[in-house]
Structures are given as C-alpha cells and as structure tokens.
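> Before I ask anything, let me first share the structure, which is written out below as structure tokens.
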Amino acid sequence: MTNHPAKMSDIELYAALKLEKPSSEKAFAELYARYSPRIFAYCRRILGDYDRAQDAFQETFVKFFNSAQQEREMSNVPAYLLRIARNLCLNMQRSNKGHISLEEYHMPSSFDMSHEKIELLSLITQAMETLPLDYKEAFILREYEGLSYQEIADMTESSLSTVKIRIYRAKQKIREILAPYIADISKH
C-alpha cells in the first residue's frame, strides 16, 4: 500500500483488502473506522437489542472482509456494508419473531435529558417496535440513515411507490401512538 489509508478512497481500500497482511489490515481498519458507527446504529435500530445488534454488526464486517477475497466489482462500499447488515438483521428478525425491546435506539445518555424527553424517546421506540418490519426498515433507512426514496427502493428491491407508502404509513402509525402523549403535553 503506497498511500496512507486515510487518504485512499473506499474503492482503493476495498481492493487493498486482498493484499498481504499489514496492508490488508490497515485498509480494513480504515474502512471500519469510516463506517462502523453507521452500521452499528443501523443494526441497533432495526433489531432494538444491543447484544443482537452487536452480533449482526460483527458478522457484517466479517462477511464484508471475506467478500473482498472474491473477485467482486465494488462501486459503493457504504451501500454494500448496509446491504450486508440489512440481510443479517432481517434474518435475525425472522428467526426471533415476537421479540419486543423497550431499549432506546438513539439515546446517547439519559442523564442530560429531561424526564419528558426520555419518556418521549421511549414512546417513539415502542411505536417503532409495533410497526411491521418492512415499514420499520423503510422508516429507519429514510429518517436515520438519510437514504433517498430511490436508494431505499433499490436496497429493498421494492418499487418507489411502495417505499413512499411504507414510510408514510410508518409515520402515520407513530403519530397515532404519540397523539395522546402530545395532547397531554399541550395541556400543561
């Protein structure tokens, strides 16, 4: 590896994963540093459980590294990582039907938040857990991952209109669940 890994593109780093050990390890470490927070956050939001998310997250990077050893054309590393994580999370969800977690998806620390904010985040989390998996996934990809409707359609192999409907219905369901709480806050 001639360049410093931080100065290399994702595609160059992916190609470097096939090189001998010191170079491949540096390339992997750089890609991991770039994308691990995003991939773990995605797994956490989809699965709702820290330990299961950690398992899916680790397996994502193992599969990603192993894929580089095959002859594969790479054009978008973050999308590829997200697709691996998505498939693993969906498989885990299918094999663990009925699991509802009340853990927070994105609460950095509760000590610097008011009781109302903590309660609202908990309600949002509960609302998301009640969504069908396809609605929940589309909502998370749009609202948390910032993907466009077309990117979500491509990733989930759905039509653009289907993705829009899923996101709309997910938001509608979350609003319905939160409506009594918001009405109660408005009174005070």
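The values are calculated or read from the model by the stated rules, or taken from the named source; none is laboratory data. Please read these numbers as outputs of a predicted model, since none were measured by experiment. Cβ: placed from backbone, ideal geometry, glycine included. Neighbour counts: every protein chain shown.
> Please verify whether SER23 is in a helix (DSSP H, G or I), hydroxyl-bearing (Ser, Thr, Tyr), under 24 Å from the mean Cα position of the chain (by Cα) and surrounded by fewer than 18 Cβ atoms within 10 Å (Cβ to Cβ), treating the condition exactly as stated.
Criteria not met by SER23.
> Now for a separate question. If a residue must be modelled with pLDDT of 80 or more and either of a type in the set (A, V, I, L, M, F, W, C) or touching a Pro at 6+ places or on another chain (Cβ under 7 Å) (or both), how many such residues does region 81-139 contain?
Going through region 81-139 one residue at a time, the tally reaches 14.
> Another one. How about region 143-188: which of its residues are in a helix (DSSP H, G or I), more than 23 Å from LYS117 (Cβ to Cβ) and within 16 Å of the chain's Cα centre (by Cα)?
Residues satisfying the conditions are TYR149, GLU151, ILE152, ALA153, ASP154, MET155, THR156, ILE167.
> Do we have any residue at all in region 8-18 that's among the acidic types (Asp, Glu) and touching a Cys at 6+ places or on another chain (Cβ under 9 Å)?
no
> Right, another one. Answer with yes or no whether ASN66 is under 13 Å from the mean Cα position of the chain (by Cα) and either outside the structural domain of LEU31 (by TED's automatic domain parsing) or free of Cβ contacts under 8 Å to residues at least 12 places away in the same chain (or both).
no
> Scan region 145-163 and give yes if some residue there is more than 19 Å from ILE84 (Cα to Cα) and of a type in the set (Asp, Glu), otherwise no.
No, the conditions are met nowhere in region 145-163.
> I'm trying to understand the selection: among the residues of region 157-188, which are free of Cβ contacts under 8 Å to residues at least 60 places away in the same chain, surrounded by 13 or more Cβ atoms within 10 Å (Cβ to Cβ) and of a type in the set (Ser, Thr, Tyr)?
Within region 157-188, SER158, THR162, TYR168 qualify.
> Quick check, is PHE61 buried (at least 16 other Cβ atoms within 10 Å of the Cβ), of a type in the set (Phe, Trp, Tyr) and either at pLDDT 75 or above or not in a loop (DSSP other than H, G, I, E, B) (or both)?
yes
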